[in-house]
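> Pasting a structure here, questions to come.
The values are calculated or read from the model by the stated rules, or taken from the named source; none is laboratory data. Worth saying up front: this structure is predicted, and the values here are computed from it rather than measured. Cβ placement follows ideal geometry from the backbone for every residue including glycine, while neighbour counts extend to all protein chains displayed. Heads up: the accessible areas ignore ligands, DNA and RNA and are worked out on the full protein's heavy atoms, side chains in. Shrake-Rupley method; radii C 1.70, N 1.55, O 1.52, S 1.80 Å.
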Amino acid sequence: MKSRLEDASTLHTRIRLLRRRQKRTLKEIAAQCGFTESLLSKIESGKTTPPLATLSRIAGALGVGLTDLLDESTRTATSFTAADALAAQPLTRTAKGYGFHVLAAERAGKIMQPFLFVARQGEIEPGALRHSGEEFVHVLEGELSYRVGSVTHKLGPGDSLYFDAEEEHDFEPMTPEVRYIGIFTDRPAAVPAVKPNNEEQ
């Protein structure tokens, strides 16, 4: 079964519909995200699929989670993804140069969003990424140079990183191809302090 994100036009349409339902302009959302109105227009029209960090910023500007932006389903049951079904799906390619599969796409309301990334040497466009929340990276195959802030980490099979995604980060494959799991999560909303019973009256 093809995930909703593999039909990229559905993603672009959802961004446009969310913005219009909120009666907000391209200029307003683009300014809040920190990029140009022209880029957002290209995203909404399906002319480009941006890196997930950019999608995360758009989701934040629209007041939804990244998982809500990527999928509109309502299932909350256990999600099983068979390896052969995943292999049969085409990778979603981004303007950054990497490809990815959305994992557990059919489960709604997730507090984290896992992805399978595939990056190839010579195809990654340089440029720092930044978005809200936290990120976890675990390399399955190949080697990866991954910079977080001013520190660059060399990752091989079995190595992982967990970092604050609001720090600038970027990566570059060190082998012809790298396959790795990436998990994005938003920061939990602050829970209001509960007043003692004698202050509630």
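> Residues being under 15 Å from the mean Cα position of the chain (by Cα) and free of Cβ contacts under 8 Å to residues at least 60 places away in the same chain: count how many of those fall in region 76-99.
Restricting attention to region 76-99, the residues satisfying the condition of being under 15 Å from the mean Cα position of the chain (by Cα) are 91-99.
Filter once more, keeping what is free of Cβ contacts under 8 Å to residues at least 60 places away in the same chain: 91, 93-99.
Of the residues in region 76-99, 8 are under 15 Å from the mean Cα position of the chain (by Cα) and free of Cβ contacts under 8 Å to residues at least 60 places away in the same chain.
> Let me ask something additional. Check 70, 18, 55 and return the single one that is of a type outside the set (D, E, K, R), modelled with pLDDT under 90, crowded, with 19+ Cβ neighbours inside 10 Å and under 29 Å from residue 138 (Cα atoms).
Working: 18 fails: under 29 Å from residue 138 (Cα atoms); 55 fails: modelled with pLDDT under 90.
Criteria check complete, one pass: 70.
> Shifting gears a bit: Can you tell me which residues in region 73-100 are aliphatic (A, V, I, L, M) and either modelled with pLDDT under 85 or surrounded by 18 or more Cβ atoms within 10 Å (Cβ to Cβ) (or both)?
Initial filter on region 73-100 (aliphatic (A, V, I, L, M)): 77, 82-83, 85-88, 91, 95.
Once the filter is applied, which keeps residues that are aliphatic (A, V, I, L, M) and either modelled with pLDDT under 85 or surrounded by 18 or more Cβ atoms within 10 Å (Cβ to Cβ) (or both), region 73-100 yields only 77.
> Scan 127, 142, 133 and give me the residue that is at pLDDT 95 or above and either among the charged types (D, E, K, R) or farther than 18 Å from residue 103 by Cα (or both).
142 is the lone residue from the list that is at pLDDT 95 or above and either among the charged types (D, E, K, R) or farther than 18 Å from residue 103 by Cα (or both).
> Does any residue of region 188-198 turn out to be open to solvent by less than 30 Å² (accessible area, probe 1.4 Å), at pLDDT below 95 and not in a strand (DSSP E or B)? Talk me through it step by step, then tell me what you get.
Let us first name the residues in region 188-198 that are open to solvent by less than 30 Å² (accessible area, probe 1.4 Å), namely none.
No: zero hits.
> Further question on the same structure: Would you mind stating whether residue 111 is part of a helix (DSSP H, G or I) and touching a Pro at 6+ places or on another chain (Cβ under 8 Å)?
Working: part of a helix (DSSP H, G or I): no; touching a Pro at 6+ places or on another chain (Cβ under 8 Å): yes.
No: the conditions fail for residue 111.
> Give the residue that is most open to solvent (accessible area, probe 1.4 Å), with candidates limited to residues of region 120-152 that are of a type in the set (D, E, K, R), in a strand (DSSP E or B) and without any contact (Cβ under 8 Å) to a residue 40 or more places away in the chain. Show your work before the answer.
Here is the first cut: in region 120-152, the ones of a type in the set (D, E, K, R) are 120, 123, 125, 130, 134-135, 141, 143, 147.
In the following step, the residues that additionally are in a strand (DSSP E or B) were identified as 120, 134-135, 141, 147.
Within this subset, residues satisfying the condition of being without any contact (Cβ under 8 Å) to a residue 40 or more places away in the chain are 141, 147.
On the way: 141: 101, 147: 70 Å².
It comes out as 141.
> If only one of 97, 158, 127 is over 20 Å from residue 43 (Cβ atoms) and of a type outside the set (A, V, I, L, M, F, W, C), which one is it? Don't jump to the end; show me each part of the working.
Values: 97 fails: over 20 Å from residue 43 (Cβ atoms); 127 fails: over 20 Å from residue 43 (Cβ atoms).
Unique residue meeting the criteria: 158.
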